[in-house]
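Peer 1: This structure is in structure tokens; I'll ask about it shortly.
None of the figures in this text is laboratory data; all of them are computed from the coordinates on show. Keep in mind that what you see is a predicted model, and the values were worked out from it rather than measured. FYI the Cβ positions are ideal-geometry reconstructions off the backbone, even for glycines, and counts take in every protein chain you see.
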Amino acid sequence: MEVLRSILSCFSSRSRTRARAQSHALWSSGASDKNKSMVEQLRRYGIIRSSKVAEVMEAVDRGLFVPPGGSPYFDSPMPIGYNATISAPHMHAACLELLEKNLQPGMRALDVGSGTGYLTACFALMVGSEGRAVGVEHIPELVDTSIENIKKSGAAPQLNDGALSIHVADGREGWPELAPYDAIHVGAAAPQIPEALVEQLKPGGRMVIPVGTMFQELKVVDKKLDGTVSVRDETSVRYVPLTSKEAQLHAN
Ligand code: SAH
């Protein structure tokens, strides 16, 4: 740091600006090295198996989505304010793996309780510019921050060209405007599976949703081509509740 400072002091103000930009680039590449190591670790533990999921998680730096003071590359949920958390990296990875076949280029994905926007950004890169990634979040401040986060991330082009959008709404109602979806992810635990979300699933589509109050199971809901629905338990989990805005803000 001292060396960098003394080098900087030798520059004119114009080149100093350039040097500052370079040192920022150095800092960001340091951050994305940490993101890369996090992804490698998830691969080593067998949580990430698909190269596409690894590629997308490498392209969306988690450090841009965790509020200052948090530890973005640590495998744990982190507080994001409003009684909400960003899910742990292994949960994001697990959900991307479970949904991978339904996040192919050109497909449509809905992220309910999009919070920081991290997973919505990953979905946008999975489905590409011909696809559609939609986030729904009921706290307007989180929606604003998530859009700012995405603008700095690898998914900024999808946000600019309209392939990615985030909306303030009650996610229990889904986002009917763009239904049906090939993939639906719910980032908060519902007391039971919301009917509106099952309706908005395309035949052949898959939803991943934590269900329960005290004890929660991550459920995988598959809608077959004939419209019949099957549900299985993937693993026990702990998510913040999918509830009303009032109940969430007045919890504790
Ligand atoms: N996948 C997000 C998870 C954030 S935590 C991330 O990793 O960043 C769950 C989010 O669900 C919170 O942001 C919370 O505000 C939101 N939420 C809870 N109930 C909701 C509802 N009924 N409609 C929309 N969003 C909801």
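Peer 1: Condition (residue is over 28 Å from ALA247 (Cβ atoms), in contact with a Cys (Cβ under 9 Å, 6 or more places away or on another chain) and within 14 Å of the ligand (Cβ to nearest atom)) applied to the stretch 56-68: is it met by at least one residue?
Peer 2: Among the residues of the stretch 56-68, at least one is over 28 Å from ALA247 (Cβ atoms), in contact with a Cys (Cβ under 9 Å, 6 or more places away or on another chain) and within 14 Å of the ligand (Cβ to nearest atom), which makes the answer yes.
Peer 1: Something else now. Could you please find all residues in the stretch 211-229 being out of contact with any helix residue (DSSP H, G or I) (no Cβ under 9 Å at 6 or more places or on another chain) and either closer than 15 Å to ALA189 by Cβ or exposed (fewer than 10 other Cβ atoms within 10 Å of the Cβ) (or both)?
Peer 2: VAL211, GLY212, THR213, MET214, PHE215, GLN216, GLU217, LYS219, LEU225, ASP226, GLY227, THR228
Peer 1: Follow-up. Could you count how many residues in the stretch 119-150 are surrounded by fewer than 19 Cβ atoms within 10 Å (Cβ to Cβ) and farther than 24 Å from ASN83 by Cα?
Peer 2: Going through the stretch 119-150 one residue at a time, the tally reaches 3.
Peer 1: Check whether at least one residue in the stretch 156-179 is surrounded by 23 or more Cβ atoms within 10 Å (Cβ to Cβ), in contact (Cβ under 8 Å) with a residue 12 or more places away in the chain and in contact with a Lys or Arg (Cβ under 7 Å, 6 or more places away or on another chain), and report yes or no.
Peer 2: No, there is no match, as no residue in the stretch 156-179 is surrounded by 23 or more Cβ atoms within 10 Å (Cβ to Cβ), in contact (Cβ under 8 Å) with a residue 12 or more places away in the chain and in contact with a Lys or Arg (Cβ under 7 Å, 6 or more places away or on another chain).
Peer 1: Any idea how many residues of the stretch 175-197 are over 19 Å from the mean Cα position of the chain (by Cα) and acidic (Asp, Glu)?
Peer 2: 2
Peer 1: Any residue in the stretch 126-138 that is within 12 Å of the ligand (Cβ to nearest atom), of a type in the set (Gly, Ala, Ser) and in a loop (DSSP other than H, G, I, E, B)?
Peer 2: no
Peer 1: Run THR243 past the list (1) closer than 22 Å to ALA183 by Cβ; (2) surrounded by 13 or more Cβ atoms within 10 Å (Cβ to Cβ) and report the number of the one that doesn't hold.
Peer 2: Of everything listed in (1) closer than 22 Å to ALA183 by Cβ; (2) surrounded by 13 or more Cβ atoms within 10 Å (Cβ to Cβ), THR243 misses just condition (1).
Peer 1: Can you tell me which residues in the stretch 139-166 are over 14 Å from the mean Cα position of the chain (by Cα) and within 11 Å of the ligand (Cβ to nearest atom)?
Peer 2: Correct list: ILE139, PRO140, GLU141.
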